[in-house]
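Every number in this text was worked out from the coordinates using simple rules, so none of it is lab data. If you're wondering where the values come from, they're calculated on a predicted model, not measured in any experiment. Cβ coordinates were reconstructed from backbone atoms using ideal geometry, including for glycine residues, and neighbour counts include every protein chain displayed.
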Amino acid sequence: MVRLKDVAHLAGYDISTVSKVLQGGNIRVSAEARERITKAATELGYRPNLMARGLRTRKTGAIVLGLPRLDHPMYPTITAGAESAASELGIVLFVYKFPEDGAAEALINLVLQGRADGIILAAEMANGGFHELAKQSDVPVVSLNRSDDQVAPSVVLDDEAGFAAQANYLADLGHRDIAFVGANEESRSNRFCEQAFLRTLAQRGISLGNDHVLRAEFDGADVEDVVGIILGLNPIPTAVAAASLAMAIRLTRKFESKGVRVPSQISVIGYHDAAQSEWVSPSITTVSMPSYQQGQLAVRRLVELMQGGDVQLGETVCSPGEIVIRESCRSLD
């Protein structure tokens, strides 16, 4: 199947210019450029989606929530909030799981081909390049993630406050020997979250050595090695804080499989709340963050952006995180 970027490569122009020329968009290009683009499309047999003929002159009334996976515990809550705001505004929201390969182009093409007017990106892409392509293609985007260089409007959670709440909860229960398991991925958000947790404990007079700060995959798929390290510490920590709910669930299961009882021998607390917290025994104590409000606000900001409004690059949902107390943590006092 011939793609728009194939035409752009052969013609020697960027994908945004090629799209607008082939689909009748309002763009000033030379007669030579227009001829080269049209010739390249003919040679390759490119056929643009007919829905895109009205691109930029007719709105679809739809927006996309782009997800890298569908089984993440956070996404149902974000989606529910986004659906609520979309319904209030009279627009259609559809969820799109973008592929691992060619993710940026696949997502941007939903707008270029006239299927949607804008995109909410729920997670950064491994290969990057998305925001640059979106800017080149004049596609409105709102991100749900922090980045080191703000290149698009974002609506983020106050995760620093959430991890501070997590740390304070364990300290309030009397825990002093604590391990923290952060996410492997190097990102501004992950660094801030880890620092917020450690800083909060330090303010409570609790210092964690480097051997008590560990990392695992966000979904906890590799926690077996982490559990081995934790159980090898002397003394074994009385509590473990995890950077995700999935990680906390898998840590709990692995501790139990090794004969270490949760919470009587070791407490475990997760991050972000979801129904899965209660599907295991013991049920998982975790931090509930305002993901529903994040989804709502992201839709509202994207619509403002599509209407030509000024939207700030970084906006934080200020609703505080709350500790959801279940069975996986106990008091030492």
Lysines with Cα under 22 Å of Lys59, excluding same-chain neighbours fewer than 8 positions away: Lys20, Lys135
Per-residue [θ]222 nm for the chain (sum of -39500 (n - 2.57) over DSSP H runs n ≥ 4, rounded to 500): -12000 deg cm²/dmol
Spatial separation of Cα centroids for segment 89-126 and segment 239-278, in angstrom: 34
Protection proxy ranking of 239-252, 192-205 - average other beta-carbon atoms within 10 Å, highest first: 239-252, 192-205
Sorted by Cβ density within 10 Å, fewest first, the residues His9, His212: His9, His212
Kirkwood Rh, angstrom, segment 165-323 [1 / mean 1/r, Cα pairs]: 16.8
Neighbour-count order for Thr60, Thr286, fewest beta carbons within 10 angstrom listed first: Thr60, Thr286
Radius ratio Rg over Rh of the chain, counting only Cα atoms, Kirkwood formula for Rh: 1.08
Ranked list, fewest to most other Cβ atoms within 10 Å of each Cβ, for Val29, Val142, Val156: Val29, Val156, Val142
Given charges at Cβ of Lys, Arg, Asp, Glu: the chain dipole, positive-most of Gln195, Gly81, Thr60: Thr60
Length-normalised contact order for segment 93-179 - Cα pairs under 8 Å, 6+ apart - percent: 21
Residues with amide H under 5 Å from that of Arg326, placed H, sequence gap 5 or more: Thr285, Thr286
